[in-house]
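A quick write-up on the structure given underneath.
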Amino acid sequence: MKNSSMTILMMAYDPYCDLWEGFVKCKEKYWGDCEYPFVIATCDDAAVPKGIDRKIATGGKMEWTERLHKALLEIDSPFVLLMLEDLFIDKQVDNKRVTKCLKLMEKHDIGH
């Protein structure tokens with residue numbers, strides 16, 4: 001079961017779908033022990049690669065910020081880590097450190 005204290009949201013643009021599989025492969029390689037749900041926000045009903053826990057189709061006729069807002073409204077976790085499809089993880093992520101940062105954010109009511 002995934003940790004619901006944070007959701008990883010990848011904002012995606014369907015014409016760049018050729019990047020998605022590479023992004024997911026890098027995430028799995030460098031953050032294989034990630035315990036947080038991984039969500040992709042697509043424009044329409046595009047097929048997504050394995051390794052993504054949920055897809056939110058926001059609609060393609062909106063501006064990027066409107067799509068982001070719509071996706072955020074569908075996420076219940078108190079924290080969201082926003083990632084972009086063309087910024088690949090290229091170093092090992094320390095999952096314990098991420099969890100420690102989240103706990104500090106919760107303890108001190110840090111929102112950003």
Test set (1) modelled with pLDDT of 95 or more; (2) in contact with a helix residue (DSSP H, G or I) (Cβ under 8 Å, 6 or more places away or on another chain) - residue 21 fails condition number: (2)
Check on residue 93, under 18 Å from residue 37 (Cβ atoms), among the β-branched types (Val, Ile, Thr) and either free of Cβ contacts under 8 Å to residues at least 12 places away in the same chain or part of a strand (DSSP E or B) (or both): no
Would you point out the residue of region 29-47, among those that are under 13 Å from the mean Cα position of the chain (by Cα) and outside any strand (DSSP E or B), that is surrounded by the fewest Cβ atoms within 10 Å (Cβ to Cβ)? 35
Enumeration of residues in region 16-67 that are within 14 Å of residue 84 (Cβ to Cβ), touching a strand residue (DSSP E or B) at 6+ places or on another chain (Cβ under 9 Å) and of a type outside the set (A, V, I, L, M, F, W, C): 27, 42, 67
Here the residues within region 57-90 that are assigned to a strand (DSSP E or B) and among the aromatic types (Phe, Trp, Tyr) are 79
What are the residue pairs meeting all of these: first residue in region 18-41, first residue of a type in the set (A, V, I, L, M), second residue surrounded by fewer than 14 Cβ atoms within 10 Å (Cβ to Cβ), Cβ atoms under 7 Å, and 6 or more apart or on different chains? 19/86; 24/49; 39/53
Would you point out which residue out of 8, 52 is in a strand (DSSP E or B) and touching a Phe, Trp or Tyr at 6+ places or on another chain (Cβ under 7 Å)? 8
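Please go through region 51-88 and pick out each residue that is among the β-branched types (Val, Ile, Thr) and over 17 Å from residue 16 (Cβ atoms).
Answer for region 51-88, where residues must be among the β-branched types (Val, Ile, Thr) and over 17 Å from residue 16 (Cβ atoms): 65, 75, 80.
The values are calculated or read from the model by the stated rules, or taken from the named source; none is laboratory data. As the structure is a prediction and not an experimental result, all values here were calculated from the model. Because the Cβ atoms are built from the backbone with ideal geometry, glycine has one as well, and the counts that use them run over all protein chains shown.
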